[in-house]
Amino acid sequence: MPKIFTPTNQIRLTNVAVVRMKKSGRRFEIACYKNKVLSWRSGAEKDLDEVLQTAAVFSNVSKGEIAKKDELQKAFGTDDLPKICQEILAKGELQVSERERQDQLDSLFKEIATIVAEKCVNPETKRPYPVSIIEKSMKDNHYSIKSHRKAKQQALDVIRLLKETIPLERAKMRLKLVVPGIESKHLKQRLAKLSSTSETVIEREEWEGEQLTLTCLIDPGHFREIDDIVRTDTKGSGTIEVLNLKEMKEGEEILE
């Protein structure tokens, strides 16, 4: 029986995730492991060999057709395969089935709702909402998931959106600020100015010798600003300590 030869420019692969990129009028594809592409893009995976099923650039993965060197050189200015693969990984489009795409969107939707539920409370009761209520509110407000944006970024958009329909605010952080007495007046003035726009609340003031200790509640989004205020106004002699990352009461909020 005669031997059957496979063309040298063809590689057959199965169960692959294809990342596709069009450049210089041609299509280029790489074959990856399904669970590794997103890990690479997020920075969790650094080893290119763990992402690629084979260190090759294809013109068509499903047919096993390898891209020609002259086409790679023309499109990418090099025929260095690892370098080209990294560019396709970074800029190319991940090809997935409609079912996989919907599963990814559902998972992202759940992740966004979970982040909002963890970070926010009803300002009247200081209790967090269950994830199910956040999900329902997102659907009622017709929030559209952006598959290319991270969940944390979209959670901030959702918080702003839901504030228009349900009582919702970021759970506050409790801080302890210790500053030299000579700088205390100026610091308190700046905090008071900030509180007029961000609902920063000074809970307690205590003098210990020549130092003032302030305990306050702040919106987490203003932590860096307050940290800068303390370091700048005291020239590094003041300190800031996080006493509580999230000021919440136990139990979940229930919407009637």
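The values are calculated or read from the model by the stated rules, or taken from the named source; none is laboratory data. Just so it is clear, the structure is predicted and the values come from calculations on it, not from any experiment. Note that each Cβ is placed from the backbone with ideal geometry, even for glycine, and that neighbours are counted across all protein chains shown. Protein only, heavy atoms only, side chains kept; ligands, DNA and RNA dropped before computing areas. Shrake-Rupley method; radii C 1.70, N 1.55, O 1.52, S 1.80 Å.
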Distance check, please: which entries in K22/K74; K36/K139; K46/K150; K34/K136; K22/K110; K34/K74 exceed 23 angstrom between their Cα atoms?
-> K36/K139; K34/K136; K22/K110; K34/K74
What lysines sit close enough to K188 to cross-link, taking a C-alpha to C-alpha distance under 17 Å and skipping anything fewer than 8 places away on the same chain?
-> K176, K235
Of the residues T78, L105, Q53, the Cα lying farthest along the dipole of region 41-121 towards its positive end, which is defined by charges on the beta carbon of Lys, Arg, Asp and Glu, belongs to T78
Leaving out ligands, DNA and RNA, what percent of the accessible area of the chain is carbon and sulfur, probe 1.4 Å?
-> 48
Unit Cα scatterers, Debye sum, the chain: log10 I(q)/I(0) for q = 0.13, 0.17 Å⁻¹ | -0.90, -1.15
Checked region 60-156 against the a/c 1.5 cut and the a/b vs b/c comparison, axes a ≥ b ≥ c from its Cα gyration tensor; verdict prolate
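Grab the Cα-Cα distance for A90 and E203, subtract it from 0.36 nm times how many residues apart they are, and report the gain in nm with one decimal.
That pair, A90 and E203, stretches by 35.9 nm at full extension.
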Principal axis box of region 100-201, alpha-carbon based, largest edge first, Å | 61, 28, 18
